[in-house]
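The values are calculated or read from the model by the stated rules, or taken from the named source; none is laboratory data. What you see is a predicted model; the values in this text were computed from it and never measured. No Cβ is skipped: glycine too gets one built from the backbone with ideal geometry, and neighbour counts run over all protein chains shown.
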């Protein structure tokens, strides 16, 4: 009976998902055929698909170097986010004077776009001597407010009696965080990993500002300059786009259940 009531919702959501996947399918189809995207009437089924354009991307540009830069920067960002956000989230679960003001301040900072802080971020990075470096690329994304509150919501759901028992056993606060809180908050960890990885992997404006040499280009920067390597490269450009999008999509598909749990953790507490 319940399935009969929910099938219209599932059918509607399936139709919306199909519509949203059409652009991605079009990019994928063009990347394996190189067909004219302005042809009319458009063909929905690929004709004579091949992987030549993916080979062109690998051969004609320093794709491996761009990929390595993106991987290193993303791993730095993910590691920094896990460390900084977990510490901040755990601190916000503890009672202390001024806690409400700090939470309000963090929530207020969420409305400030990164573009508004990019000048001071650039000046700080310059003073630290981190321009045109992977560490400089990772620095502004080393902690994010959204991920702090994801950890806080997950930590709030842990029974206080368990934390008190750990303190009675002689564990220090950092040991409680590492041995008790994080193992019980795998969904929050997965959410932090996915969000920080995607934000870093897709970052374009910040690398565009601080990177000077081509050797330090990440994949988004490489994609923006790709047309300078080859002419009439619609198929190759779309192949490059697929290669840039694939890691983020794959990571989300692998961890989507924990990702959703992490975003909704604490929503039904009590």
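Per this entry, residue 89 is counted among residues that are surrounded by 19 or more Cβ atoms within 10 Å (Cβ to Cβ), more than 20 Å from residue 220 (Cβ to Cβ) and within 24 Å of the chain's Cα centre (by Cα).
In this structure, residue 54 does not qualify as modelled with pLDDT under 95, closer than 30 Å to residue 144 by Cβ and surrounded by 13 or more Cβ atoms within 10 Å (Cβ to Cβ). Of the helices (runs of 4 or more DSSP H) that lie entirely inside segment 141-219, those containing 3 or more residues that are in contact (Cβ under 8 Å) with a residue 40 or more places away in the chain and assigned by TED's automatic domain parsing to the domain that holds residue 112 span 145-156, 186-201, 205-210. Is it fair to say residue 240 is within 21 Å of residue 72 (Cβ to Cβ), out of contact with any strand residue (DSSP E or B) (no Cβ under 7 Å at 6 or more places or on another chain), modelled with pLDDT of 90 or more and part of a helix (DSSP H, G or I)? Considered against the rule, which asks whether it is within 21 Å of residue 72 (Cβ to Cβ), out of contact with any strand residue (DSSP E or B) (no Cβ under 7 Å at 6 or more places or on another chain), modelled with pLDDT of 90 or more and part of a helix (DSSP H, G or I), residue 240 comes out as no. Residues of segment 208-223 being under 16 Å from the mean Cα position of the chain (by Cα) and crowded, with 21+ Cβ neighbours inside 10 Å, which ones? 218, 219 - these are the residues of segment 208-223 that are under 16 Å from the mean Cα position of the chain (by Cα) and crowded, with 21+ Cβ neighbours inside 10 Å.
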